[in-house]
1. Is it the case that residue B:210 is touching a helix residue (DSSP H, G or I) at 6+ places or on another chain (Cβ under 7 Å), within 14 Å of another protein chain (Cβ to nearest Cβ) and over 28 Å from residue B:249 (Cα atoms)?
2. Kindly indicate which of A:162, A:155, A:176 is over 22 Å from residue A:310 (Cα atoms) and not assigned by TED's automatic domain parsing to the domain that holds residue A:310.
3. Do you know which residues across region B:8-44 are more than 30 Å from residue A:312 (Cβ to Cβ) and outside any helix (DSSP H, G or I)?
4. Hey, residue A:229 hits all of (1) crowded, with 22+ Cβ neighbours inside 10 Å; (2) without any contact (Cβ under 8 Å) to a residue 12 or more places away in the chain but one; which does it fall short on?
5. Where residues in region B:206-220 are modelled with pLDDT of 90 or more and part of a helix (DSSP H, G or I), which of them is surrounded by the most Cβ atoms within 10 Å (Cβ to Cβ)?
6. Taking the residues in region A:232-252 that are without any contact (Cβ under 8 Å) to a residue 40 or more places away in the chain and either surrounded by 17 or more Cβ atoms within 10 Å (Cβ to Cβ) or not assigned by TED's automatic domain parsing to the domain that holds residue A:91 (or both) as candidates, determine which candidate is farthest from residue A:149 (Cα to Cα).
7. Go through region B:102-122 and give me each residue that's within 14 Å of residue B:206 (Cα to Cα) and part of a helix (DSSP H, G or I).
8. Would you mind stating whether residue A:198 is touching a helix residue (DSSP H, G or I) at 6+ places or on another chain (Cβ under 7 Å) and either away from chain B (no Cβ under 14 Å) or under 30 Å from residue A:238 (Cα atoms) (or both)?
């Protein structure tokens, strides 16, 4: 009997001490939208940048930003890369931590991701600014979405408030297109490729381009609380992300052409199934090192709270943690 | 003569009402729920506390927000339910009484009844727009079918003996319909109304989740979009109260309309 126990102990020791190379890399589930805006993550996965630092990423596709935030809260995914919504901030208000850790796309001059489109007949009738839209129906995807935020901030720039228009949530970008085409709303806050489609079909005309009007931190990389507590893995993922972000920046923002750019377009086309012309138009601007726009998340938190869509008065330290990025950047100094 | 005690062996079958146990069971559940959320094991995001839901509901009631949602939803339900029930009973009666109407109506109802009404919603929106009409129409359709089918079945099951008796006493066609067929169909009609009430709540929420600006369905969807689970629970509780209220009203109406029936 004693011998049997000893033998079992030996076997289990041998199993535990299996050679490190044979062990699979720790998996990280990465929730993204199948859009051009996720190009930097497709790049990191495809080129093996995450594996280089010991992380095996698994892409999980979602249809909208909000479900990604919910999946982060429930622990179904470890990393989310998508737009910042009031729903995300309310999750944190509800007692579940989600951490905003890096830049993943900004509304930026000449890099417009979204726009306000009005019906062509209204445009021809003289509606050229938000002032002319007073009391009109403006379609957005969802209450609390980035599009809702866009409309609210456009209005504020004109000295108006959300109460000056009628916000109609239609639940999706295709529904916004249909509603404007069928003239059931007067304007829609929408994004590419739907902006181009509306203009080419003659249904609508752009009156505000978001990036040109007010730049903001629209999308970020987010960690679930579980991943944030696993510091080594969280930093390792971030090192892979920084490498992908720099490669992306150099190809798309700095050069705008060349073999690396063409390769990224082809790769994104393969992952999203979108046409290359649309992809070229849809690449977002982001910081080369993945740094967040200073103070912008705080501005969003204050605005949503002031409008009554986020109940608690959160501050940046409740939702932002750039320490992973800082550590990754320090470790990656030699990789420039 | 001696009296033999006879044990009542059917005692086990009598159903007592246990009014205290009913209330206690519900209270215990709510209490356990409150305690669970107080311990902090479950974040309020996943399971808001009953007191939190109550407080949020009271706050929304005080601000008048809840009243607007309930009023909008009630208007849609009353209109849709009323029109659907009226249409259903009329069509059911006609199909049940007249052979020509039966020949035309029966296959039509059989072909259109199985279509889930939610699937028709996008089509209704195209036809009637995103306003009130499409929302009322989908509820109307959902109520119409159970009403028509139940009324038809009720009329067809009217006791032929009673009909013959009425006719032999000199009752005319309308008299037979009004005094024999309709009353004997009433239990089925009320069963249809109860079914329809449940269906109309379901369709109301579905319809209000598309392009609405107010209503309970809108409140729930909105709370989901904003991840405000407490407000979401308020919406669900209001729906459940609406369901209870409509059931209570229908039971009352049934007792008033069918005084000869034993209480169910």
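1. It is true that residue B:210 is touching a helix residue (DSSP H, G or I) at 6+ places or on another chain (Cβ under 7 Å), within 14 Å of another protein chain (Cβ to nearest Cβ) and over 28 Å from residue B:249 (Cα atoms).
2. Unique residue meeting the criteria: A:176.
3. B:8, B:9, B:10, B:14, B:15, B:16, B:17, B:18
4. (1) is the only condition that residue A:229 fails.
5. It comes out as B:219.
6. Among them, the one singled out is A:251.
7. B:117, B:118, B:119, B:120, B:121, B:122
8. Yes, satisfied.
The values are calculated or read from the model by the stated rules, or taken from the named source; none is laboratory data. Values in this document were obtained by computation on a predicted structure and should not be read as measured data. Counting neighbours? That spans all protein chains shown, and the Cβs are built from the backbone with ideal geometry, glycine included.
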